[in-house]
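Structure first, commentary second.
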């Protein structure tokens, strides 16, 4: 990298995606990476965000900060999921515009699409049907983030881009027993079951919904790839009011199948059962990634390999995340 490389703010650098983006940027030789812990910068407070941009000379922003969680967390805290995410997105994007930031990349989620969207899901299916009720507030906030970026681009000619990742997993994940997503939740449950010698592990839902998973470092590499694209290249593969790009592996798997893979990686040999009285969520979510493929990027980490990496990272963080590691 040259001495003129940009100053890059990664919002949410301690999260799953943000930490992977920082790793990727550093591996690519970027040196001027700006971060702030939550205690130092509350992104839901407009005045605090404005002071931050006043003090720093930011050239690029990766907006990876978000309140996230699984079905249980979304059902329990719907007001927090919509309010916090709306405020963070609005504050960061607005101040990025006010301070003349060159580029901003907004990271959304595949839950923006209709619950019963045609598969695989193309970018233009956005807002063509009802959302999944269990995470509607979060999805609405993420849709607003896309439209926020598009609106600033249309009115102020900013270069704000959006990527919509599929289900992510890997180092830096949240392993909370109630508020985590499916892969980290299952990693923890199977690990604890192996440690305790549990005869069986019961999993929420029927096990039949299909999900697409992407290793988080692949997501980070895709994000940097999209950010580094020339503006004309990005514009040539998007539309002003459908400007987001799907990021995924291009393949999916049932929850039951991923549970068995995780059990194998962890070394759990007991029975796996499914509680069909619990919600399944969306029946299937597989993203069409042809737009990103045309822009020159494909995922490179197979699920079985990524799960081994993820479990290794979990074990490394065991003193903080598991009360009784074995």
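Give the residues of the range 147-158 that are surrounded by fewer than 19 Cβ atoms within 10 Å (Cβ to Cβ) and either touching a strand residue (DSSP E or B) at 6+ places or on another chain (Cβ under 7 Å) or not in a loop (DSSP other than H, G, I, E, B) (or both), sorted by residue number. Give the derivation first.
Taking the range 147-158 and keeping what is surrounded by fewer than 19 Cβ atoms within 10 Å (Cβ to Cβ), we get 147, 151-152, 154-157.
Listed by number, the residues that qualify are 147, 151, 152, 154, 155, 156.
Counting only residues that are buried (at least 19 other Cβ atoms within 10 Å of the Cβ) and modelled with pLDDT under 95, how many does the range 74-96 have?
Going through the range 74-96 one residue at a time, the tally reaches 1.
To keep it simple, each residue is scored yes or no on (1) under 19 Å from the mean Cα position of the chain (by Cα); (2) modelled with pLDDT under 95; (3) closer than 21 Å to residue 214 by Cα; (4) part of a loop (DSSP other than H, G, I, E, B).
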position	(1), (2), (3), (4)
19	yes, no, yes, no
29	no, no, no, yes
53	no, no, no, no
58	no, no, no, yes
65	yes, no, yes, yes
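Yes/no per residue for (1) closer than 25 Å to residue 60 by Cβ; (2) out of contact with any strand residue (DSSP E or B) (no Cβ under 8 Å at 6 or more places or on another chain):
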position	(1), (2)
202	no, no
217	yes, yes
222	yes, no
237	yes, no
249	no, no
266	no, yes
275	no, no
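Conditions (1) touching a strand residue (DSSP E or B) at 6+ places or on another chain (Cβ under 6 Å); (2) surrounded by fewer than 24 Cβ atoms within 10 Å (Cβ to Cβ); (3) touching a residue at least 24 places away in the same chain (Cβ under 8 Å); (4) in a helix (DSSP H, G or I), marked per residue:
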site: 138; (1), (2), (3), (4): no, no, yes, yes
site: 145; (1), (2), (3), (4): yes, no, yes, yes
site: 162; (1), (2), (3), (4): yes, no, yes, no
site: 168; (1), (2), (3), (4): yes, no, yes, no
site: 174; (1), (2), (3), (4): no, yes, yes, no
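Count, please, the residues in the range 98-116 that happen to be surrounded by 19 or more Cβ atoms within 10 Å (Cβ to Cβ) and in contact with a helix residue (DSSP H, G or I) (Cβ under 9 Å, 6 or more places away or on another chain).
Restricting attention to the range 98-116, the residues satisfying the condition of being surrounded by 19 or more Cβ atoms within 10 Å (Cβ to Cβ) are 101, 103-113, 115.
Retained after the next criterion (residues that are in contact with a helix residue (DSSP H, G or I) (Cβ under 9 Å, 6 or more places away or on another chain)): 101, 103-109, 111-113, 115.
Summing the residues that are surrounded by 19 or more Cβ atoms within 10 Å (Cβ to Cβ) and in contact with a helix residue (DSSP H, G or I) (Cβ under 9 Å, 6 or more places away or on another chain) in the range 98-116 gives 12.
With the requirement that a residue be on the phi < 0 side of the Ramachandran plot, outside any helix (DSSP H, G or I) and surrounded by fewer than 20 Cβ atoms within 10 Å (Cβ to Cβ), what does the range 178-199 give you?
Just the residues of the range 178-199 that are on the phi < 0 side of the Ramachandran plot, to begin with: 178-196, 198-199.
With outside any helix (DSSP H, G or I) added as a condition, the list becomes 178-181, 198-199.
Those that are on the phi < 0 side of the Ramachandran plot, outside any helix (DSSP H, G or I) and surrounded by fewer than 20 Cβ atoms within 10 Å (Cβ to Cβ): 178, 179, 198, 199.
Do the conditions hold for residue 4, that is, is it farther than 30 Å from residue 278 by Cα, out of contact with any strand residue (DSSP E or B) (no Cβ under 7 Å at 6 or more places or on another chain) and not in a loop (DSSP other than H, G, I, E, B)? Talk me through it step by step, then tell me what you get.
Details: farther than 30 Å from residue 278 by Cα: yes; out of contact with any strand residue (DSSP E or B) (no Cβ under 7 Å at 6 or more places or on another chain): yes; not in a loop (DSSP other than H, G, I, E, B): no.
So residue 4 fails the test.
Looking at the range 200-308, what helices (runs of 4 or more DSSP H) fall wholly within it and have at least 1 residues that are crowded, with 20+ Cβ neighbours inside 10 Å? Step through it out loud before you land on a result.
On the way: elements: 216-228, 231-236, 255-266, 290-294.
By residue number, 216-228, 255-266, 290-294.
Can you tell me which residues in the range 114-171 are within 20 Å of the chain's Cα centre (by Cα) and at positive phi?
Answer for the range 114-171, where residues must be within 20 Å of the chain's Cα centre (by Cα) and at positive phi: 127, 170.
Restricted to the range 104-135, and to residues that are in a helix (DSSP H, G or I) and in contact (Cβ under 8 Å) with a residue 40 or more places away in the chain, which residue is nearest to residue 18 (Cα to Cα)? Spell out how you get there, then give the answer.
Keep residues of the range 104-135 that are in a helix (DSSP H, G or I), which gives 110-112, 123-125, 133-135.
Imposing the further condition that a residue be in contact (Cβ under 8 Å) with a residue 40 or more places away in the chain reduces the set to 110-112, 123-124, 134-135.
Details: 110: 17, 111: 19, 112: 20, 123: 23, 124: 27, 134: 25, 135: 22 Å.
This residue is 110.
The values are calculated or read from the model by the stated rules, or taken from the named source; none is laboratory data. Small disclaimer: the values here were computed from a predicted structure and weren't measured. Here the Cβ is made from the backbone with ideal geometry for all residues, glycine too, and neighbour counts use every protein chain on show.
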